[in-house]
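Just below is one structure, and these are the notes that go with it.
The values are calculated or read from the model by the stated rules, or taken from the named source; none is laboratory data. Remember, predicted model here, so these are calculated numbers, not experimental data. Note that each Cβ is placed from the backbone with ideal geometry, even for glycine, and that neighbours are counted across all protein chains shown. Heads up: the accessible areas ignore ligands, DNA and RNA and are worked out on the full protein's heavy atoms, side chains in. Shrake-Rupley method; radii C 1.70, N 1.55, O 1.52, S 1.80 Å.
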Amino acid sequence: MAHLQGGRILNRTRGLWPALAAPGLVWLLLFFVAPMYVVLCIVFGTVDPIFRTAVPVWNPLQWNPSQLTYVLTRIVGSDAVFGPALLRTAVFVITASALCLLIAFPVAYYAARLSGRRKGLLLTLLIAPFWISYMMRMFAWVNLLQDDGLVNSVLGLGGLFNPDINWLTGQPVVVILGLVYGYVPYMILPLYAGLDRLSQPVLEASRDLGANRVSSFWRVTLPLSRPTIVAAALLTCLPMLGDYFTSDMLSASPKTAMVGNLINDSVLAPGQTGQAGAFVLLVFLVALLPMLYYIRVTGRRDEAAQ
């Protein structure tokens, strides 16, 4: 009798899990798969010769790769007009993500493992930057970095010297620091969540076996935190890849243009929407590689746990 009851419960739960997963699948289909297919139809579509608007081609058998080919042939070679922006994006994103990690990991580690009763207060302070829009925070930096702004005033010791530094005229360092400032909260919160869930008995066992604090951190805490670090890096660098607002606000110069700026400029230019879709497709393919690495890392961790 118990065996029959267990079988009935198992049959009921088999239908429960697909039902619970259905809303998520519908969400992915509506807001990821369908928009991506529209992008592909625009990339491999045509351009109206009169109004210079994109004409999507919905039948894959009729797709025309000319717009994608146009972009790819101008990434490298003598006509590499898009190559510098793509390379610059990679350098900016990697540098900014590394700086975010250097800043965020000590903050998240202290808040998760060492803050004690102040953990709630620190978590509130970490969430506080999300209460202010990204645009307003960048506007604050524009005011600080103007020729007569606070930064030059401090460097000039209140007027004793004239630093004569034009921060907002195409300085790559300013754009990178702007990315760090804007996206470091996205790095801190996932790191805090992952470090807070680390098994305390495992960490204490390393100390019981004779490891000091430094050795325990490098041999136990850091390896256990690797999936969390990868996830935090993904959540930080993926939106950076499509960022164009930071460069526009803190530079507005072609010398610091990123792939997000190419996408924005192509969307606004008549007849270049397909090129913008080609850039989106390239960003998606580049972003797919670290996502696959994250899946591999978490898969190995689950296998080791079993």
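Quote to one decimal, in nm, the extra length available between Val38 and Leu285 on full extension: 0.36 nm per residue of separation minus the C-alpha distance between them.
87.3 nm
With all protein chains present, calculate the accessible area of Ile127 using a 1.4 Å probe and round the result to the nearest 10 Å².
60 Å²
How high is the relative contact order of the chain? Use alpha-carbon pairs under 8 Å, at least six apart in sequence, and give a whole percent.
23 percent
Roll a 1.4 angstrom probe over the protein heavy atoms and tell me the percent of accessible area of the chain that is carbon or sulfur.
Accessible surface attributable to carbon and sulfur in the chain totals 69 percent.
With 21 Å as the cut-off, how large is the P(r) tail for the stretch 161-306, expressed as percent of Cα-Cα pairs?
61 percent
With +1 assigned to the C-beta of every Lys and Arg and -1 to the C-beta of every Asp and Glu, and no other charges, what is the dipole magnitude of the stretch 102-238 about the Cα centre in debye, to the nearest 20?
I would put it at about 720 debye.
Beyond 15 Å, what share of the Cα-Cα pairs of the stretch 90-148 is found? Please give it as a whole percent.
The proportion of pairs with Cα distances above 15 Å equals 68 percent.
Computed over the Cα atoms of the stretch 83-256, what is the convex hull's projected area averaged over all directions, in nm²?
Convex hull of Cα atoms, orientation-averaged projection: 12.5 nm².
In nm, what is the difference between 0.36 nm times the number of residues separating Leu72 and Arg117 and their Cα-Cα distance?
10.7 nm
Among Leu87, Tyr181, Leu123, whose Cα lies farthest out toward the positive end of the dipole of the chain, if unit charges sit on the beta carbon of Lys, Arg (+1) and Asp, Glu (-1)?
Leu123
Return the sequence-ordered ³J(HN,Hα) values of the stretch 183-197 in whole Hz as given by the Karplus equation 6.51 cos²θ - 1.76 cosθ + 1.60 applied to θ = phi - 60°, using x for Gly and Pro.
Karplus values, whole Hz, x for Gly and Pro: 10, 5, x, 5, 8, 5, 5, x, 5, 4, 4, x, 5, 5, 8.
Percent of alpha carbon pairs in the chain separated by more than 24 Å?
68 percent
Accessible area, 1.4 Å probe, largest first: how do Asp243, Asp196, Asp148, Asp79 sort?
Asp148, Asp79, Asp196, Asp243
In debye to the nearest 20, how big a dipole does the chain give about its Cα centre with +1 on each Lys and Arg Cβ and -1 on each Asp and Glu Cβ?
Using Cβ point charges on Lys, Arg, Asp and Glu, the chain gives about 1340 debye.
Measuring with a 1.4 Å probe in the full set of protein chains, what accessible area per residue, in whole Å², belongs to the chain?
Heavy-atom SASA per residue in the chain reads 61 Å².
Any chance you could check the Cα centroid distance between the stretch 133-212 and the stretch 26-68 for me, in angstrom?
The stretch 133-212 and the stretch 26-68 have Cα centres spaced 39 Å from each other.
If I stretch the segment between Leu150 and Arg137 completely, what's the gain in nm (0.36 nm per residue apart, minus their alpha carbon distance), one decimal?
Gain on stretching Leu150 to Arg137: 3.2 nm.
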